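Q: One structure, pasted below without further comment.
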Amino acid sequence: MTEIRLANVTKTYPGGQTAVDKVDLTIKDGEFFVLLGPSGCGKSTTLRMIAGLEPISGGDLFIGDRRMNEVDPKDRDLAFVFQNYALFPHLTVRGNLTFGMRLRGVPAETQQSRLAEVTGMLGLGPYLERKPGQLSGGQRQRVALGRALLRDPVAFLLDEPLSNLDAKLRAQMRTELVKLHRRVGRTIIHVTHDQIEAMTMAERICIMNNGKVAQIGAPMEVYRNPADTFVATFTGSPPMNLLEGRLDNGMLTFAQTSAPVQAAAPAGPVTIGFRPEDAVLAPRPGHLPLQATVVAVETLGADAILVASLQDGQEVNMRVGADTSLPAGAAISVYLDSERLRLFDPKTTLAVPCRLAA
Ligand code: ADP
């Protein structure tokens, strides 16, 4: 069992900026773990502290049972794949791949068999004699991954490895990485600002905001039950709708509609959240009806986003069928799935446990 555990880990850069603030997290052995968050939230710093490329200012890092804070990066048994791939430009693909093994004095025969195994896995066979400059972005990415694989580390640390690729290749590499993970069975810690990448690849996601952990959970858990309004709006495309409302005497009131609710929150203002697909245009049991006006219908191909204005002027996004044809200004009824409604405390932005009866 080689768990990677951060206990109360903090990073303050010279100059005083706290980039990572008392982070606690445990990455399970063999897990595909994604650090997700906007630019500047502290993802790379966290990854670099795990790798040993950045000193830890406070707290403890454990790999297995061993405290690693002061251990040299090369003795941590981790493979770091950089965003820019960091390949040697003057070496061929073969040279880049075997460089580490030669340095470690791995016998030539073992080198050859391991090289064949990894190039086969990544489809790099035809490119072995080329230099990095003669490869596409995706091929360079594979060489960087191959080099990491050949080290046979405890974990792979990937810092935005797909961000330099075009959309099609990125989607393809997402699938390849997931397959590779299944095959190799090693821990992957993958840093990205792209929530789709996180949703599609991770077994668990850690969402960071301002140097702190906002939430850790399986992709659907984070998507369905965001811990706060930041997670609610950072995930999903379009993000979760957030509306202003009130809680009074067991009644939730918003957009000129009221519904009985059990919520662990005091009377007063409350934020109501629901995903675009949790509102529909036809009545259904357990759904809360609201009156609205169509603002626009934006076709996406497979489906469409209907922007609707509720009676109090608040706008919401709904995911509707691609063939929905409604003119701007049309009066519609919108039905919200009461089981999927979420409440948040507007002061703390944190989720409030609730049960709504439609
Ligand atoms: P992310 O990977 O989420 O984009 P980073 O971990 O790179 O975020 O950065 C977190 C914060 O720390 C940012 O505000 C960034 O400006 C700051 N930072 C990163 N590296 C350094 C550094 N070497 N010196 C000072 N501040 C830094």
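The values are calculated or read from the model by the stated rules, or taken from the named source; none is laboratory data. It should be emphasised that the depicted structure is a prediction, and the values quoted were computed from it without experimental measurement. Positions of Cβ are generated from backbone atoms using ideal geometry, with glycine treated the same way; all protein chains shown enter the neighbour counts. Heads up: the accessible areas ignore ligands, DNA and RNA and are worked out on the full protein's heavy atoms, side chains in. Shrake-Rupley method; radii C 1.70, N 1.55, O 1.52, S 1.80 Å.
Q: Could you calculate the FRET efficiency of A296 with S57 from 1/(1 + (r/R0)^6), where r is the beta carbon distance between them and R0 is 45 Å, rounded to 0.05?
A: My answer for the efficiency is 0.40.
Q: Taking the Cα centroid of region 219-292 and of region 98-152, what is the distance between the two, rounded to the nearest whole Å?
A: If we compute the Cα centre of each part, the gap is 50 Å.
Q: Continuing with this model, one more query. Quick check on the chain: helices-only [θ] at 222 nm, where DSSP H runs of length 4 and up contribute -39,500 (n - 2.57) each and the sum goes over total residues. Nearest 500, please.
A: -7000 deg cm²/dmol
Q: Quick one: dipole size for the chain, taken about the Cα centre, charges +1 on Lys/Arg Cβ and -1 on Asp/Glu Cβ, in debye to the nearest 20.
A: 1140
Q: When the chain is modelled as a GNM with alpha-carbon springs shorter than 10 Å, which of V231, V20, V295 fluctuates the most?
A: V295
Q: Which residue, R204, R142, R76, has the most motion in a Gaussian network model of the chain that connects Cα atoms within less than 10 Å?
A: Comparing R204, R142, R76 in the GNM, the peak value goes to R76.
Q: Sorted from largest down, what three extents in whole angstroms do the Cα atoms of the chain have along their principal axes?
A: Here the spans come out as 75, 47, 37 Å, largest first.
Q: Which value, in Å² rounded to 10, gives the accessible area of L350 with a 1.4 Å probe and all protein chains present?
A: Taking all protein chains as shown, L350 has close to 90 Å².
Q: Under the rule a/c < 1.5 gives rounded, and otherwise a/b versus b/c splits prolate from oblate, where does region 5-77 land using the Cα gyration tensor?
A: Oblate, because a/c is 1.5 or more while a/b does not exceed b/c.
Q: Another question, then. Using a Gaussian network for the chain with springs between C-alpha atoms less than 10 Å apart, which of these wobbles most: T257, T192, T46?
A: Ranking T257, T192, T46 by mean-square fluctuation puts T257 first.
Q: At 1.4 Å probe radius, can you tell me the per residue accessible area of region 7-134 in Å²?
A: Per-residue accessible area for region 7-134 comes out at 49 Å².
Q: Give me a comma-separated list of calculated 3J(HN,Hα) values for region 273-289, in order, Karplus coefficients 6.51, -1.76, 1.60 applied at θ = phi - 60°, integers in Hz, x for any Gly or Pro.
A: Going residue by residue, I get x, 8, 6, x, 8, 9, 10, 10, 9, 10, x, 9, x, x, 10, 9, x Hz, with x marking Gly and Pro.
Q: Rank G120, A218, F156 by how far each Cα sits towards the positive end of the charge dipole of region 119-270 (+1 on Lys, Arg Cβ; -1 on Asp, Glu Cβ) and give me just the farthest.
A: Looking along the dipole axis, the top candidate is G120.
Q: Run the 1.4 Å probe and let me know the accessible area of F32, rounded to the nearest 10 Å².
A: Here the accessible area works out near 0 Å².
Q: Once you order the gyration tensor axes a ≥ b ≥ c over the Cα atoms, which shape class does region 64-216 get: rounded for a/c under 1.5, otherwise prolate or oblate by comparing a/b with b/c?
A: Verdict is oblate for region 64-216.
Q: First measure r as the distance between the Cβ atoms of V106 and N249, then evaluate 1/(1 + (r/R0)^6) with R0 = 45 Å and state the FRET efficiency to the nearest 0.05.
A: That gives a FRET efficiency of 0.05.
Q: Please give every one of the lysines within straight-line cross-link reach of K168, meaning a C-alpha to C-alpha distance under 29 Å, and leave out same-chain neighbours fewer than 8 residues apart.
A: The reachable lysines, counting only those whose Cα sits under 29 Å from K168, are K43, K131, K179.
Q: I need the calculated FRET efficiency for the pair L91 and S136, taking r as the beta carbon distance and R₀ as 30 Å, to the nearest 0.05.
A: 0.95
Q: Give me the net charge of M101's neighbourhood, meaning all other residues with Cβ under 9 Å from the Cβ of M101; Lys, Arg count +1, Asp, Glu -1.
A: Computed value for this residue: +4.
Q: With a bin width of 10 angstrom, please list the P(r) values of region 239-356 as percents of all Cα-Cα pairs, from the 0 bin to the one holding the largest distance.
A: Going from the shortest bin to the longest, the percentages are 14, 46, 29, 10, 0.
Q: Which one, F254, G286, A351, projects farthest toward the positive side of the charge dipole computed for region 239-356 from Cβ point charges (K/R +1, D/E -1)?
A: Final value for the positive-end residue is A351.
Q: Reachable aspartates and glutamates from K22, Cα under 14 Å, same-chain residues fewer than 8 places away excluded?
A: Partners found: D60.
Q: While we're looking at this one, here's another question. Leaving out ligands, DNA and RNA, and with a 1.4 Å probe, what % of the accessible surface on region 239-356 is carbon or sulfur?
A: C and S fraction of accessible area: 52 percent.
Q: Using only alpha carbon pairs under 8 Å that are at least six residues apart, calculate the relative contact order of the chain and give it in whole percent.
A: Result for the chain is 15 percent.
Q: Can you send over the solvent-accessible area of R102, 1.4 Å probe, protein chains only, in Å² to the nearest 10?
A: Rounded to the nearest 10, the figure is 120 Å².
Q: Run the dipole for region 158-204 about the Cα centre, Lys and Arg Cβ at +1, Asp and Glu Cβ at -1, nothing else charged, and hand back the magnitude in debye, nearest 20.
A: The dipole magnitude comes to about 320 debye.
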